[in-house]
Every structure is written in structure tokens, then in C-alpha cells.
Amino acid sequence: MVGPDFSERLANLLSADGGRLAEAWVERVSTSLRNRMSTVELDRELRELYDALVEALRRGAGGVHDENFSEVRALLTEISRNRARQGFTPGETAVSVFALKEVLEPGLTSGSSADIGAYLRLSRLLDEFGLFTMEAYSQTREEIISAQAEQLLELSTPVVKIWDGVIAVPLVGTLDSARTQVVMEKLLQALVDTGSEQAIIDITGVPAVDTQVAQHLLKTIVAARLMGAECTVSGIRPQIAQTIVALGIEFGDIVTKASLADALRHALGRTGASVVAKAGERR
Amino acid sequence: MSERVPVLRIGDVLLVSIQMDLEDQTVMDLQEDLAERIVATGARGVVIDITAVEIVDSFVGRMLATTASISRMLDAETVVVGMRPAVAITLVELGLSLGGVRTALDLEKGLAILRRRSGLPDADPA
Amino acid sequence: MTGTLVPEGGTTRQPIERNDDVVRVRHLVRALALQCRLSLVDQTKLVTAASELARNTLVYGGGGSVSAGLVTRGGRTGVAASFEDSGPGIPDIDLALTDGWTSGGGLGLGLSGARRLVDEFHLETEVGRGTTVSVVKWAR
């Protein structure tokens, strides 16, 4: 780790010609990012980081996790997060840190051996900061991925109001436990939001269900009942009916209908409306 | 001394709107108050509004079920209204299905159920 | 279910000696659930479980305390709560965890119900010594 005297020396080294060094750094990073970021923004970002680094060293900061480096770490985290969001690669992100080493190199030819020692220490420090950047970067990426997965889940499960007091959720594709749970929570919330007392869960597009999914369906229907609403399940395929019976899951007094149309007719009947075909009359 | 939940009377319906975090003693008091008020007022219906209630545990759940049974014995119907989705899911997971308790999405629908029960006209008399 | 729980931040300890302490336990656990960003449904499940367990501690354990805080394991964050009493203990754990069984005139859903509402449930009891129930709910 960097000792206090080295910190002091490093701080001097960096601040002696600070303006020029920082400028060279910005330029190098800008080139490596192939001008995909505005120079003004990059300049602001890196100079802030540079100043924080010098300031931390002046206060005698040691290793990466030194309290004095907290400002530097915060700035680096922010930079890494922004890069990840803007779609830069991990390499391009880390280069921002490593480029500082290259910028300092030329100054060493005239430096004392103590300066070189200090440079080596700084180099190690910057390596660690580079790794820190990578961690922050990958963490952000993970957050982005999980947020996208969630959005996809939202998109794939619409709850629609199909009549006054009737909502429906058409389920398509394989249901896993997590997705079923999300859908069911949305369905119950939609009951409240639309003031609907009837809900139709259409599973025509669902090829198979397992015990857990069937249980979630069942629990949702009971929960809806607790809230004062009624659910109808429509479009149960023969295989699914067989599975449910084979699994010994009691569907009890839950209303099931062959098709969504039948379910709608039933639901409308429960709300007090009825569908009557009138010959020769079109609306 | 714990707080008491107010019991309001509107016509022949008693309305209880729970707006606080329920202590067990408050729950017990409410159960007693309701039974007394049903008899005293000759109410035909009770609406318990739990729209603002963030959790219903087995203690509160039991009170709701017991109150429904007691009021039925006193010739009044109880409707629990406004249960939040998260509360309903939790109750199901907890294993409480509140059998015998009538429920409705909101106050209006709850009152409509009571009107239908007592054979009164659907609209309020002007 | 493997790996050790790493506490994150501090642990808060509260007594469960009076009726209104149960309400305070709910507040404590809700605050932690919010901090941990549990979904609304998971918050509700956890707070309900805490309410059941706190009441158990008070009614069957003759009072005790709760310690709760945030924990991490393998990159996940969760809320952990531990309910401790030095009451009579539970002679038959399997029976106590059965739906509908009760020794105190309730519905008998306290322990078994609370177990279904959380992700991890651990019960330690010794007759004559007391009972500790520890639960964890992970953020999804």
C-alpha cells in the first residue's frame, strides 16, 4: 500500500503540472472512446476525478478502500454506471482509469528514483481503481438486465378491461412460478383500479402447468374472492385438466369455461348484463 | 388505555372504517362495541372498511370472522370492504379464507349488497 | 439455503413485553422491508409474519424481544428478524407447526402461517428454557 510520504510525493507529482496532465488525460480517453462522448462532459468528469484523487493523496490516502478515497470511489462509480448505461464496453470504461498511467509516464525520464517509486505505487493504485470500475460497471449491467427482464414480464402479461366490471388476463406461453405470481398480483390490483367484480383468466395459450403454477392460480382466485371479486378460468386444455386432476389439486367450486367467449357470457350474467342478439339490428 | 375505532350509524347500517394500526386490545374492543351497537340500534347491516389497513394477521382475521358470525346471530349482515390485494394474497398464504365473511371491493358495492339483502330499493330515497 | 448470513448495517433490538409492542415490531419490520426494497406483497407478508411471531412471543413466551436488521448472502439482500423468549418452550415442534393446532385459543395459524410467509424459517426451542424463531425474507 502507499505510505503517507509516497502519498505526499504523488500528490506533488500530480499537481505540479496538474492542468496539463489532466488535459492530456482527457485527450487520451477521448481518443480511446472514439469521440462517442462529448469532450466537455468528459473533461468535466475526469477533471473532477483528478482533483479528487490529488486531494485524497494530499490527505494521505492509502489503499483503494481508504476513507480518504471515498470521494474518488463515488465519482468512479458514477462514471462506470454512466458508461454502462451509454453502452460502452467494459474495456472502454476501464481505459479511463488506466490512461492516466500513460499520461504520467513521459514525466518520469527526468524524475528522481523516488519519483519512479511513487509512480509504481500509483500504478498499482490505479490498477485497483480499474478493477473497482469494472465491478461497478458489471453491477450496473446486471441491474439493467434484471430491469429489462422485469419489463418483458410486464409486457407479456396484459390485464385488460373487456367490459364494465369485467377484466381479463389472457396468458400465453409457458408459465413459471415467478411470472404467474406477477400476473396474479397485477390482476388483483386491476380489480381495485377498475372496480371490477369479475375477472377472467384465459389459459388457452398455456401449453402446460406444474403444481406450483396451478397453486398460484388457485391462491389468486381465493384472494380475489377475499377482495369481493369472482374469477372464471377459461380455455383449460385437456392435458392441463389431466395434470391438475393427477396432481390432486382441488379446483373445488371455481367456475371454469371452455372458451373466453363462454367465460365472458358468464361474467356478464353475474354483473347483471346479458347479451341478446337482435335480428336485423346493427349498432 | 388503547384507542377505540369509531362505529358510525347510517340508517340501519353500522359503518366501521379502520384508519389506524390495530393493537390487539383495540380489535377486541371493536368486536364488543359492534355487538352492543347492533343490538342498541337494531342495525340490519355492518360494513367494515379496511381500505386503509396495511396488514391483516390471524388475530384481525379471526375478529372479522367472529364479528360476522355474531352479527348474523343478531340478525345483521356483515360485509368487509376494501381489502388490498397484498393483504388478500397474504391471508391466503397464511391459510385464512375468512369463510362466512361477505366481502366487496369498495364501500359502495358493500352497501349495495346490504340493500339487496334487506330488500330495500337500490337507490337511496331522496 | 446455504452460506452464512452477513449482517448489513446494524441490528435493532426491541422488547416485546406489552400489547402495543406488537405494533412497534410491525413498524420496525416494515421500515426494514422498505429499506430492503421488498415488493409490496413481500412487505405485507413479512410484516404479517412478524406480527404473528411477536404475538407468539408475548402470549406463549411470556414476553421477550426481537432483533431485526438487513442481511446479505451471495449478492441478495433480505430482512432478518429473530424473536426470542425465555418462556416454557415448545414440547412438540411438529405439532406446533401443524395448521390448526393451538395451545392458546387462537386459530393455530401463528407459527405454521408465519413459516409460509417468509423464505427462511428457523425454530429453536427447549422446554423450560425458551424459544427463538428466526426468519428471513429476501428481496426478489
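The values are calculated or read from the model by the stated rules, or taken from the named source; none is laboratory data. These figures come from a predicted structure and were not determined experimentally. Cβ placement follows ideal geometry from the backbone for every residue including glycine, while neighbour counts extend to all protein chains displayed.
Could you tell me which residue of the range C:20-49 is surrounded by the most Cβ atoms within 10 Å (Cβ to Cβ), considering only residues that are more than 9 Å from chain B (Cβ to nearest Cβ) and either under 11 Å from the mean Cα position of the chain (by Cα) or among the aromatic types (Phe, Trp, Tyr) (or both)? Step through it out loud before you land on a result.
At the first step, the residues of the range C:20-49 found to be more than 9 Å from chain B (Cβ to nearest Cβ) are C:21, C:24-25, C:28-29, C:31-38, C:46.
Filter again for either under 11 Å from the mean Cα position of the chain (by Cα) or among the aromatic types (Phe, Trp, Tyr) (or both), leaving C:25, C:29, C:46.
Working: C:VAL25: 26, C:VAL29: 27, C:LEU46: 29.
Here the answer is C:LEU46.
Given the structure, is B:ARG44 more than 15 Å from the chain's Cα centre (by Cα), farther than 20 Å from C:THR44 by Cα and at pLDDT below 95? Taking the combined requirement at face value, the residue does not satisfy it.
Could we say that A:PHE129 is outside any helix (DSSP H, G or I), within 38 Å of the chain's Cα centre (by Cα) and modelled with pLDDT of 85 or more here?
On the way: outside any helix (DSSP H, G or I): no; within 38 Å of the chain's Cα centre (by Cα): yes; modelled with pLDDT of 85 or more: yes.
Taking the combined requirement at face value, the residue does not satisfy it.
Among the residues of the range A:229-241, which ones are within 14 Å of chain B (Cβ to nearest Cβ) and crowded, with 23+ Cβ neighbours inside 10 Å? Spell out the reasoning first.
First, pick out the residues of the range A:229-241 that are within 14 Å of chain B (Cβ to nearest Cβ): A:229-231.
Hits for the range A:229-241 are A:ALA229, A:CYS231.
Just checking, does the range C:94-116 include any residue being in a strand (DSSP E or B), crowded, with 20+ Cβ neighbours inside 10 Å and in contact with a helix residue (DSSP H, G or I) (Cβ under 8 Å, 6 or more places away or on another chain)? The answer is no; no qualifying residue exists. Restricting to the range A:19-57, count the residues that are under 16 Å from A:GLU92 (Cα atoms) and among the basic types (Lys, Arg). Qualifying residue count for the region: 3. Set side by side, the residues B:SER71, B:SER97 differ, and just one is modelled with pLDDT under 95 and facing another protein chain (nearest Cβ under 7 Å), which is B:SER97. Candidates in the range C:1-19 are the residues that are within 11 Å of C:ALA54 (Cβ to Cβ) and touching a strand residue (DSSP E or B) at 6+ places or on another chain (Cβ under 6 Å); of these, the one that is surrounded by the most Cβ atoms within 10 Å (Cβ to Cβ) is C:ILE16.
If you check A:ALA114 against the conditions, is it exposed (fewer than 13 other Cβ atoms within 10 Å of the Cβ), touching a helix residue (DSSP H, G or I) at 6+ places or on another chain (Cβ under 7 Å) and in the same structural domain as A:ALA11 (by TED's automatic domain parsing)? When the stated conditions are applied, A:ALA114 passes them.
For the range B:28-37, what are the residues that are surrounded by 19 or more Cβ atoms within 10 Å (Cβ to Cβ) and within 28 Å of C:ASP99 (Cα to Cα)? Of everything in the range B:28-37, just one residue is surrounded by 19 or more Cβ atoms within 10 Å (Cβ to Cβ) and within 28 Å of C:ASP99 (Cα to Cα), namely B:LEU30.
Every residue, every condition in (1) assigned to a loop (DSSP other than H, G, I, E, B); (2) among the polar types (S, T, N, Q); (3) over 28 Å from A:LEU218 (Cβ atoms), yes or no:
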residue: B:LEU22; (1), (2), (3): yes, no, yes
residue: B:VAL27; (1), (2), (3): no, no, yes
residue: B:ALA40; (1), (2), (3): no, no, yes
residue: B:ILE48; (1), (2), (3): no, no, no
residue: B:THR66; (1), (2), (3): no, yes, no
residue: B:ILE70; (1), (2), (3): no, no, yes
residue: B:THR78; (1), (2), (3): no, yes, no
residue: B:SER97; (1), (2), (3): yes, yes, no
residue: B:LEU111; (1), (2), (3): no, no, yes
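Out of C:GLY64, C:GLY10, report the one residue that is farther than 22 Å from C:ALA96 by Cβ and of a type in the set (Gly, Ala, Ser). First the steps, then the outcome.
On the way: C:GLY64 fails: farther than 22 Å from C:ALA96 by Cβ.
Unique residue meeting the criteria: C:GLY10.
Give the residue, chosen from A:SER80, A:SER112, that is modelled with pLDDT of 85 or more and of a type in the set (Ser, Thr, Tyr).
A:SER80
When we screen A:GLY269, A:GLY248, A:GLY252 for residues that are within 14 Å of chain B (Cβ to nearest Cβ), over 36 Å from the mean Cα position of the chain (by Cα) and either surrounded by fewer than 19 Cβ atoms within 10 Å (Cβ to Cβ) or modelled with pLDDT under 90 (or both), the only hit is A:GLY252. For the range A:171-201, the candidate set comprises residues that are in a loop (DSSP other than H, G, I, E, B) and closer than 17 Å to A:LEU247 by Cα; within that set, the residue that is farthest from the other protein chains (Cβ to nearest Cβ) is A:LEU175.
When only residues in the range C:20-52 that are charged (D, E, K, R) and in contact with a strand residue (DSSP E or B) (Cβ under 9 Å, 6 or more places away or on another chain) count, which is farthest from C:THR131 (Cα to Cα)? Spell out how you get there, then give the answer.
Within the range C:20-52, the subset charged (D, E, K, R) is C:20-21, C:24, C:26, C:30, C:37, C:42, C:45, C:52.
Still in the running and in contact with a strand residue (DSSP E or B) (Cβ under 9 Å, 6 or more places away or on another chain): C:21, C:24, C:37, C:42, C:45.
Numbers: C:ASP21: 18, C:ARG24: 20, C:ARG37: 29, C:ASP42: 25, C:LYS45: 22 Å.
Residue satisfying both the conditions and the ranking: C:ARG37.
Would you be able to say whether some residue in the range B:74-83 is surrounded by fewer than 17 Cβ atoms within 10 Å (Cβ to Cβ) and either within 14 Å of chain A (Cβ to nearest Cβ) or of a type outside the set (A, V, I, L, M) (or both)? Checked the range B:74-83: at least one residue is surrounded by fewer than 17 Cβ atoms within 10 Å (Cβ to Cβ) and either within 14 Å of chain A (Cβ to nearest Cβ) or of a type outside the set (A, V, I, L, M) (or both). Answer yes if at least one residue in the range B:38-57 is within 14 Å of another protein chain (Cβ to nearest Cβ), crowded, with 21+ Cβ neighbours inside 10 Å and of a type in the set (Asp, Glu), and no otherwise. Scanning the range B:38-57, I find at least one residue that is within 14 Å of another protein chain (Cβ to nearest Cβ), crowded, with 21+ Cβ neighbours inside 10 Å and of a type in the set (Asp, Glu), so the answer is yes.
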